[in-house]
Amino acid sequence: MNKTRIAILVALSFSLSANVYAEADKPVTEQLVDTLTKLSGGPHVGFRANHAKGLVVQGDFVPAASATSVSKAAHFSAKSVPVTVRFSNATGVPNIPDANGNSFPKGMAIRFGLPDESYTDIVVISVNGFPAATPEDFLGLLNAVAASGGDAKPSPVEQFLATHPAALKFVTTPKLPPVSFGTQPFFGVNAFKFINAKGEVNYGRYLIEPVTGAAYLDKADADKADPDYLMNELPARLKQGAVQYRIAVQLAEAGDAINDATQTWPATRKVVELGTLSVRNVHPQGTAFEKQTMFNPLMLTDGIEASEDPILLARPGAYAVSFGRRLK
């Protein structure tokens, strides 16, 4: 082998090694976005790395009388506040069919306008629980999925699931296509610290339920559903009137895991109603709004604080990476 070829091979080897080290040296939040982008066949310019396909609507939130017993947050004591809501499908694929199995969990992001003209956000999904307790484990799951697809058995993702029961439970939980975004319940998988005017503290997770109840498509209807049926159904439904959700918080008791998104709490835990969210119309500039807006679960207000859940604390960082890329 001549010296020139040896030099080229050495240079290529160094370059490949440098790329590997460069990827490993990135923050986990950035690696998450990189892998999500890879899994979606992206980058898809102008779209989120996850929950790329969505619909933005507007409405209002009216607090329940019981809300102030949990938190002194301004939107729990106001007469009503405006809200902007984005419903979405999972994955970074902008045109993923709404009933496709990979489009789950569905997402719901809510921005509450506060009386002082600031805002606070809630970000929830349609599954009660998360597949990983740390961003590193979530990255491990995504990387295992990305490395699978060949003939080798067990595949990388099968090996990962065999040693990560929370991830296995998440991916095997039935995820039925809803009849409408208006019939889909949503869950806050991360706990927050709620403080009321007396200084009393509770940790809780959000529960969001459609007032008319949950309703799902059967397999036959799901198989023949239009690829955009959810995105088209809600605007048609809103022409008949508002779509409403009850927002509540499930409160932790002593011994409940408040910093582990994989651990759900027993249904016997106390649930306090926070109020009613009414979706009234499609946002007239929804496409521009969703491109220019980053919902942030740590955009909090007085009376609500973050827990130490590492998944919660990592989410804004990953969202920021995705946000910066879609604005380029």
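The values are calculated or read from the model by the stated rules, or taken from the named source; none is laboratory data. These figures come from a predicted structure and were not determined experimentally. No Cβ is skipped: glycine too gets one built from the backbone with ideal geometry, and neighbour counts run over all protein chains shown. When the accessible area is computed, the model is the full protein with side chains, heavy atoms only, and any ligands, DNA or RNA have been set aside. Shrake-Rupley method; radii C 1.70, N 1.55, O 1.52, S 1.80 Å.
Here are the numbers for this structure:
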read-out	value
Length released on extending from Val28 to Val171, taking residue separation times 0.36 nm less the Cα-Cα span	49.3 nm
222 nm mean residue ellipticity, helices alone, for the chain (DSSP H n ≥ 4; -39,500 (n - 2.57); rounded to 500)	-9500 deg cm²/dmol
Apportionment of accessible area to carbon and sulfur, the chain, percent (1.4 Å)	56 percent
For q = 0.08, 0.09, 0.10, 0.14 Å⁻¹, Debye-computed log10 I/I(0) when each Cα of the chain counts as one equal scatterer	-0.40, -0.50, -0.61, -1.18
Extension gain (nm, one decimal) between Glu158 and Asn100, 0.36 nm per residue minus Cα-Cα	18.8 nm
Phi to ³J(HN,Hα) by Karplus 6.51 cos²θ - 1.76 cosθ + 1.60 over segment 24-38, Hz, x for Gly, Pro	5, 7, 5, x, 4, 4, 6, 4, 4, 5, 4, 6, 4, 5, 4
For segment 248-328: accessible area per residue (Å², 1.4 Å)	48 Å²
Fully extended contour minus Cα-Cα distance, from Ser80 to Lys291, at 0.36 nm per residue	73.3 nm
Modelled FRET efficiency - R0 30 Å, Ala242 with Glu200, Cβ distances, 0.05 increments	0.35
Spin-label model distance (nm) - Thr212 vs Ser69, 7 Å beyond Cα toward Cβ	3.0 nm
Prolate/oblate/rounded label for segment 91-161 (Cα gyration tensor, a/c 1.5)	prolate
Links that overshoot a 21 Å alpha carbon limit, given the list Lys38/Lys328; Lys106/Lys270; Lys79/Lys291	Lys106/Lys270; Lys79/Lys291
All-pairs Cα distance distribution in segment 204-328, expressed in whole percent, bin size 10 Å	10, 26, 35, 27, 3
